[in-house]
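What follows is one structure encoded as structure tokens, with my remarks underneath.
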Amino acid sequence: MVRILAIYGSPRHKGNTALLLKKAVQGAIEAGAEVEEVVLRDLNMSPCLENYGCKETGRCVIQDDFQKVYDQLIACQGLMLASPVFFYAVSAHTKILMDRCQSLWVKRYWLEKTPIGKHNTLRKGLLISVGATKGKKLFDGTLLSIRYLFDILDVELWRSLLYRSLDLKGDVLEHPEYLDEAYRAGKELFQALKKID
């Protein structure tokens, strides 16, 4: 069974990124994937406190909801992550998750001594992001951060769905072609992972 973790990084329930990710999840499930969904805004998750308690085992020592997400991140074969753009970067909820993944950086590069740049990337990830403006560099910061996060997780950034001029809740409903694209991406992610599995 192909296991995919879908992470909702929007501060809004049923916001534009949430609706797009929900469609991708639907596509993956209908194709045959097992999908776990995590809504970051609903979690009790502290920012990284940079106390380096993780350098003993590679596991964060802060006891909160990140502990379960940590296990899910390690166990999944595919990852879907959706975040709106805030100041040319990911949402605060997504950034907290990323910073807590410092423990996985410590595990990979300090404890396991994996050479920088060495990958055994059998896992694949889908990024979904939306922004309110039409700026040419609107997604540059988000993409850079996500690439580094996926590197730590040993996940290939398989596809990015990036949509401009979506701001108010539900704006994406005026673009059914975006929702259809997300649905297809979910199906195709499952198919890509199944070939590896």
Cβ pairs under 6 Å, 6+ apart or interchain, first in region 111-134 and within 18 Å of Asp167 (Cα to Cα) and touching a residue at least 60 places away in the same chain (Cβ under 8 Å), second part of a strand (DSSP E or B) and aliphatic (A, V, I, L, M), ordered by first then second residue, are Ile128/Ala82; Ile128/Leu161; Ser129/Leu162
Within region 1-48, the count of residues that are in contact with a Lys or Arg (Cβ under 9 Å, 6 or more places away or on another chain) and part of a strand (DSSP E or B) comes to 7
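Every residue, every condition in (1) surrounded by 16 or more Cβ atoms within 10 Å (Cβ to Cβ); (2) acidic (Asp, Glu); (3) free of Cβ contacts under 8 Å to residues at least 40 places away in the same chain, yes or no:
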site	(1), (2), (3)
Met1	no, no, yes
Leu5	yes, no, no
Gly15	yes, no, no
Gly27	yes, no, no
Val61	no, no, yes
Phe86	yes, no, yes
Every listed condition ((1) under 24 Å from Leu104 (Cα atoms); (2) in contact (Cβ under 8 Å) with a residue 24 or more places away in the chain) holds for Asp71 save (2)
A careful count of residues in region 95-133 that are β-branched (Val, Ile, Thr) and touching a strand residue (DSSP E or B) at 6+ places or on another chain (Cβ under 8 Å) gives 3
Practice prompt. Could you please let me know if Arg123 is surrounded by fewer than 18 Cβ atoms within 10 Å (Cβ to Cβ), among the charged types (D, E, K, R) and out of contact with any Lys or Arg (no Cβ under 9 Å at 6 or more places or on another chain)?
Written response: no
When region 155-197 is checked residue by residue, the ones that are of a type in the set (Lys, Arg) and at pLDDT 95 or above are Arg159, Arg164, Arg184, Lys187
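The values are calculated or read from the model by the stated rules, or taken from the named source; none is laboratory data. Values in this document were obtained by computation on a predicted structure and should not be read as measured data. Positions of Cβ are backbone-derived with ideal geometry, glycine not excepted, and every protein chain shown enters the neighbour counts.
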